[in-house]
Amino acid sequence: MSTRRFLALVGSLSGDSRFAREWRRTPRRADSPEDIARITGLPAR
């Protein structure tokens with residue numbers, strides 16, 4: 001799938017979609033190992 005197609009599909013999702021809700025909850029900045037662990041679901045080292 002091309003990036004353009006992916007962005008078109010994501011852009012057409014409802015603001016109430018699961019993806020949109022998770023996107024809003026995800027921090028845009030990860031400064032610590034704990035932040036990275038929370039975003040990725042992998043344990044902090």
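Computed from the coordinates by the stated procedures, all read-outs in this text should not be read as laboratory data. This structure is a prediction, so every number in the text was calculated from the model and none was measured. All Cβ positions, glycine included, derive from the backbone under ideal geometry; neighbour counts span all protein chains shown.
Using label points projected 7 Å from each Cα along Cα→Cβ, tell me how many nm separate ARG45 and LEU9, to one decimal.
Reported label-point gap for ARG45 and LEU9 is 3.2 nm.
Tell me the mean residue ellipticity at 222 nm calculated for the chain from its helices only (DSSP H runs of n ≥ 4, each -39500 (n - 2.57), averaged over every residue, nearest 500).
Theoretical 222 nm ellipticity from helices: -15000 deg cm²/dmol.
Given labels modelled 7 Å from the Cα in the Cβ direction, how far is it in nm from ILE36 to TRP23?
For the pair ILE36/TRP23, the computed spacing is 2.5 nm.
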